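Structure first, then comments.
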Amino acid sequence: MKKVLIANRGEIALRVISACREMGLATVAVYSDADRAALHVLHAEEAYRLGPAPATESYLRGDLILEIARRAGVDAVHPGYGFLSENADFAEACAAAGVTFIGPPASAMRELGSKTRARQAADRAKMPRVPGSVTGLADVDEAVHVAGEIGYPVMLKAAAGGGGKGMRAVTRTEDMASAFRAASSEAERSFGSGEVYLEKLIERPRHIEIQVMADMHGNCVYLGERECSVQRRHQKVIEEAPSAVVDDDLRRRMGEAAVRLALSAGYVNAGTIEFLVDDARNFYFLEMNTRLQVEHPVTEMVTGLDLVEMQLRVAMGEPLGVRQEDIRLRGHAVECRIYAEDPENNFFPSPGLITRLVQPGGPGIREDCAVYAGWTVPLDYDPMLSKLVAFAPTREAAIDRMLRALDEYVIGGIKTNISLFRRILTDPDFRAARIDTGYLERLLGSPAEVGEHVPEDVAAVAVALFATMVKERVVAGGAAQQSRWVVAGRQEGLSG
């Protein structure tokens, strides 16, 4: 392998480019019209236009990507996450074109990528799972029957997707028909398949996932767990490694179960098995993500391993360079997903021009980012701007370090969710690790305390803004005039 095409955009494309560069591999970027000036385009050795801004006409066009791969003479394609990363047809098309797909084989993707087939595979691997159907529901009547057997409340879920799409909680029979239609319709729009299944709704569980890595030689290891319980509308907001409630014994049992499932399906490369954990620390298989996860940096911080480099080496046919007994978790890492959205306006998207950017740094701070001052955040894609990670010897120290980094973070011209993280990280329940998948919704439903989030960081931003205004003041004809940037900054405000 000498040349890799990254079939993605944003921070994950930059992350893969960095790993390739360290390994001496040439990189090829692809871009839509909306991303012509994006950082991943500027950082790759070569870049090719895919098409118009909509993902259906650019990043989801596997045929166009493979045509560019042929023209550029690449050996492999890294799909990142999202878009075509879990598309078995695209993986097969890569193989047919003689291009290595940096991910699992299509057969494993099909067996574990579908939620219903994954539940069947979990049964064969003797993994505990949430009670419910193991195949798609034929109609509302079958849904009512299964719910009657396992008891309400239940959750309808899309068989072909995730990320909160095609999901509906149902607490009584009378609501099943409307929930079934809504879940199936949303699943069809989001994933091209309206198939849904049903499972018991475990109330107030923790969402904990296990990272696995497998090679082509039958070796597979688990790399600890990630706590992903802080969610909004089933979308992860903050991730941590390790989990505050997982001890060595539970970690071993969950990890061994995850490895058992991966090996039974002939899995290769990076993957994540997601579990629900109840108050009694019983764990239940939820689903498997057959790709690299958004939150992989926290695992890298506590293990000292480069997961993208491992992906590349596995795809080259190399055996894993580590054994299970070699893996040790050290310290604690917290990741915040920084989004271009307004938490004070129901998290409405906030695309637009970034007029100013001051990024945090210092010991233990890592930022996977793909934005810069002067870049316009498009409305066409996921609004994530960056992933901010804090690492420290203890959970408490990592949280404090993250708060310090958030205080240093300034993004001008658009709204962001930075203020939300300050609220979470200073909340007594979060700091005491009293969290579950419903934690954030409860927090958002409670009024913020008077004076909350108005400490020294606001003063620091005000001082920085004032200094900028003074610095950028120009004198023309004896009259002081402010630059257009300062005027725009004053009108639009600063986020962070």
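The values are calculated or read from the model by the stated rules, or taken from the named source; none is laboratory data. From a predicted model like this one, the values you see are computed outputs, not experimental measurements. For neighbour counting, all protein chains shown are included, and Cβ atoms are generated from backbone atoms with ideal geometry for every residue, glycine included.
To keep it simple, each residue is scored yes or no on (1) closer than 29 Å to residue 288 by Cα; (2) touching an Asp or Glu at 6+ places or on another chain (Cβ under 9 Å); (3) of a type in the set (A, V, I, L, M, F, W, C); (4) touching a residue at least 40 places away in the same chain (Cβ under 8 Å).
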position: 50; (1), (2), (3), (4): no, yes, yes, no
position: 70; (1), (2), (3), (4): no, no, no, no
position: 87; (1), (2), (3), (4): yes, no, no, no
position: 124; (1), (2), (3), (4): yes, no, no, yes
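For the subset of segment 353-389 comprising residues that are of a type in the set (Val, Ile, Thr) and touching a helix residue (DSSP H, G or I) at 6+ places or on another chain (Cβ under 6 Å), which member is farthest from residue 405 (Cα to Cα)? Quick ask: steps written out before the conclusion?
Here is the first cut: in segment 353-389, the ones of a type in the set (Val, Ile, Thr) are 354-355, 358, 365, 371, 376-377, 389.
Next, only the ones that are touching a helix residue (DSSP H, G or I) at 6+ places or on another chain (Cβ under 6 Å) stay: 355, 365, 389.
Numbers: 355: 20, 365: 7, 389: 9 Å.
This residue is 355.
Here are the criteria: (1) within 27 Å of residue 382 (Cα to Cα); (2) at pLDDT 95 or above. Tell me which single one residue 144 does not satisfy.
Only one criterion in (1) within 27 Å of residue 382 (Cα to Cα); (2) at pLDDT 95 or above is unmet by residue 144, namely (1).
Hey, among the residues in segment 199-231 that are at pLDDT below 95 and assigned to a strand (DSSP E or B), which one's surrounded by the fewest Cβ atoms within 10 Å (Cβ to Cβ)?
200
Does any residue of segment 253-262 turn out to be touching a residue at least 60 places away in the same chain (Cβ under 8 Å) and either outside the structural domain of residue 347 (by TED's automatic domain parsing) or over 22 Å from residue 291 (Cβ atoms) (or both)?
Checking segment 253-262: not a single residue is touching a residue at least 60 places away in the same chain (Cβ under 8 Å) and either outside the structural domain of residue 347 (by TED's automatic domain parsing) or over 22 Å from residue 291 (Cβ atoms) (or both).
Yes or no, residue by residue, for (1) under 24 Å from residue 331 (Cα atoms); (2) of a type in the set (Val, Ile, Thr); (3) surrounded by 17 or more Cβ atoms within 10 Å (Cβ to Cβ):
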| position | (1), (2), (3) |
| --- | --- |
| 240 | yes, no, yes |
| 248 | yes, no, no |
| 252 | yes, no, no |
| 267 | no, no, yes |
| 272 | yes, yes, yes |
| 276 | yes, no, yes |
| 279 | no, no, no |
| 284 | no, no, yes |
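For segment 260-281, which residues satisfy the criterion of being of a type outside the set (A, V, I, L, M), over 21 Å from the mean Cα position of the chain (by Cα) and closer than 19 Å to residue 207 by Cβ?
278, 279, 281
Considering only segment 392-411, state which residues are assigned to a strand (DSSP E or B) and in contact with a Lys or Arg (Cβ under 7 Å, 6 or more places away or on another chain). Quick ask: steps written out before the conclusion?
Initially, segment 392-411 is screened for residues assigned to a strand (DSSP E or B), giving 392, 410-411.
Listed by number, the residues that qualify are 392, 410.
Select from segment 392-424 the residues that are within 25 Å of residue 275 (Cα to Cα) and in contact (Cβ under 8 Å) with a residue 60 or more places away in the chain and list them in ascending order. Lay out the reasoning, then the answer.
In the first step, residues of segment 392-424 are kept if they are within 25 Å of residue 275 (Cα to Cα); the result is 394-396, 398-399, 421, 424.
Correct list: 394, 395, 398, 399, 421, 424.
Cβ-Cβ under 6 Å, sequence separation 6+ or interchain: first residue in segment 103-120 and farther than 16 Å from residue 212 by Cα, partner assigned to a loop (DSSP other than H, G, I, E, B). Which pairs?
So the pair list comes out as 111/265; 114/159; 115/159; 116/135; 116/136; 116/159; 119/134; 120/134.
Condition first: within 23 Å of residue 109 (Cβ to Cβ) and either over 11 Å from the mean Cα position of the chain (by Cα) or assigned to a loop (DSSP other than H, G, I, E, B) (or both). Now tell me which residues in segment 290-299 satisfy that. Explain how you work it out, then say what you get.
Quick first cut of segment 290-299, residues within 23 Å of residue 109 (Cβ to Cβ) only: 290-296, 299.
Of everything in segment 290-299, those that are within 23 Å of residue 109 (Cβ to Cβ) and either over 11 Å from the mean Cα position of the chain (by Cα) or assigned to a loop (DSSP other than H, G, I, E, B) (or both) turn out to be 290, 291, 292, 293, 294, 295, 299.
In segment 48-63, what residues are closer than 16 Å to residue 80 by Cβ and either small (Gly, Ala, Ser) or assigned to a helix (DSSP H, G or I) (or both)?
55, 58, 62
Can you pull out the residues in segment 106-125 that are in a helix (DSSP H, G or I) and of a type in the set (A, V, I, L, M, F, W, C)?
Going through segment 106-125, the residues in a helix (DSSP H, G or I) turn out to be 106-113, 115-124.
106, 108, 109, 112, 118, 121, 122 - these are the residues of segment 106-125 that are in a helix (DSSP H, G or I) and of a type in the set (A, V, I, L, M, F, W, C).
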